[in-house]
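Report on the structure given below.
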Amino acid sequence: MLVALSCGLAACARTDSSRTVPGTAAGDILWLPAQATLEKDGARSVLIRNGRSIYVDGSGAVVFSIAIKCDDVVRNITEHFAQTEWRPRSTQYLNPQLATSFSSGCQRHGGGVIPPGSTVPLEPYIEWRGEWENERGDIVSYVVGGTGQQQRGYAEYIPRLVVESGKRKLGR
């Protein structure tokens with residue numbers, strides 16, 4: 001019994017290079033500026049690689065914070081992707097009727113009612129959303145938002161097969 005259990009555990013723990021790790025592309029593609037600090041992702045991933053959450057379908061995500069203005073974060077991210085195979089998308093993958101933020105930049109976002117006794121933030125909440133697509137049809141998406149020089153961000157990698165499946169489910 002012990003021998004069978006040991007063999008089973010050894011098979012699960014194999015680390016040979018012939019075994020493909022799902023989502024290795026996601027861990028490589030989700031780039032962050034040097035000043036960014038990784039945050040905990042609340043979703044349940046199957047693997048965490050370099051702080052990036054990798055999921056069963058090969059997609060991945062990373063949550064980060066950074067202490068610079070929104071426009072500066074966006075400039076860092078867009079300059080990085082300009083040097084790669086990825087090309088900016090004009091519309092959002094999940095909401096194709098909505099534009100990405102490449103032409104508008106970081107914009108005031110939200111609003112609402114301020115409860116009595118609450119203080120009004122000195123600076124408005126600003127948000128930016130950008131997406132890139134490669135020739136294969138994979139998508140990389142970044143959302144950055146915050147006030148002043150305190151930004152939080154979320155980036156995700158969506159492989160082509162997941163993109164196609166999502167489009168079919170949405171009837172597109």
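None of the figures in this text is laboratory data; all of them are computed from the coordinates on show. This is a predicted model, so every value here is computed, not measured. FYI the Cβ positions are ideal-geometry reconstructions off the backbone, even for glycines, and counts take in every protein chain you see.
Estimated at 0.36 nm per residue, the fully extended path between SER104 and GLU85 surpasses their Cα-Cα distance by 4.5 nm.
Evaluating 6.51 cos²θ - 1.76 cosθ + 1.60 at θ = phi - 60° for every residue in the stretch 142-157, the Karplus couplings come out as 10, 10, 10, x, x, 10, x, 9, 10, 10, 10, x, 9, 10, 9, 10 Hz, glycine and proline recorded as x.
Extension gain, ARG136 to ALA34, is 33.9 nm, computed as 0.36 nm per intervening residue step minus the present C-alpha separation. Counting only Cα atoms, the size of the stretch 60-137 along its three principal axes is 53, 29, 25 Å, in decreasing order.
Spin-label pair GLU164-ILE114: with each label point 7 Å from Cα along the Cα-Cβ axis, the two points sit 5.1 nm from one another.
Using a simple spin-label model with pseudo-atoms 7 Å out from Cα toward Cβ, SER65 and TYR125 lie 1.6 nm apart.
Would you work out the Kirkwood radius for the stretch 103-158? I mean one over the mean of 1/r across all pairs of different Cα atoms, in Å. After inverting the mean inverse Cα-Cα distance, the result is 13.4 Å. Taking amide H atoms as placed 1.01 Å from N in the peptide plane, the amide H of TYR93 has no partner under 5 Å among residues 5 or more positions away or on other chains.
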